[in-house]
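Student: Take a look at the following structure, please.
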Amino acid sequence: MSIGVLEHASKHPAREFAMRSIQCVENNDREGWLAMWDENGVIEDPVGVSPLDPTGQGHRGIQKITEFYDKVIAPGELRFCIRETFACGNECANVGTITTKLPNGAVARTELVMLYRVSDAGTLLSLRAFWEFQSTVTSTF
């Protein structure tokens, strides 16, 4: 895990959620990750239409967020390397790479920008990840 950029940046609620999210994912802490989410939260990962989200409308609500974790996050071993972070308002944008080791042994590297938005009540409202699905798939195999 390489989130030193986040750890050394100025404190910000959305940045704190980003760090917790990454730590939960890397540690396979499903319940900890799900507990951060607002019941009406939404994940767009990647943003728009993709095989992970054929409608392009995102994974909305805790049931769909749980399904996203189980289908997309849980099967792989994910490691994050955050190179830059920008926080303002109730959001944080992080630039980095996710390296995923898949169950079949293949390794995927995804270059992306991740946007986290938090509520005033202290829940994660949204995660929007900007990355090119085809580029990741092509580089994996």
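Student: I need the per residue convex hull volume for the chain, using only the alpha carbons, in cubic angstrom as a whole number.
Tutor: Spelled out: Cα convex hull of the chain, divided by residues, is 99 Å³.
Student: Arranged by the count of other C-beta atoms within 10 angstrom, fewest first, what order do L124, L52 take?
Tutor: Details: L124 24, L52 15.
Final ranking by Cβ density, sparse to dense: L52, L124.
Student: Straight-line reach only, C-alpha to C-alpha below 19 angstrom: list the lysines that K101 could link to, leaving out same-chain residues fewer than 8 apart.
Tutor: K71
Student: Turning to a different aspect of this structure: Report ³J(HN,Hα) in whole Hz for each residue of the stretch 92-100, in order, from the Karplus equation J = 6.51 cos²θ - 1.76 cosθ + 1.60 where θ = phi - 60°; Gly and Pro get x.
Tutor: 9, 10, 10, 10, x, 10, 10, 9, 10
Student: Before rounding to the nearest 500, sum -39500 (n - 2.57) across all DSSP H runs of length at least 4 in the chain and divide by the residue total; then give [θ] at 222 nm in deg cm²/dmol.
Tutor: The helix contribution divided over the chain gives -8000 deg cm²/dmol.
Since every read-out is calculated from the coordinates, none of them should be taken as a lab result. From a predicted model like this one, the values you see are computed outputs, not experimental measurements. A quick note on method: Cβ atoms are made from the backbone with ideal geometry, for glycine too, and the neighbour counts reach across all protein chains shown.
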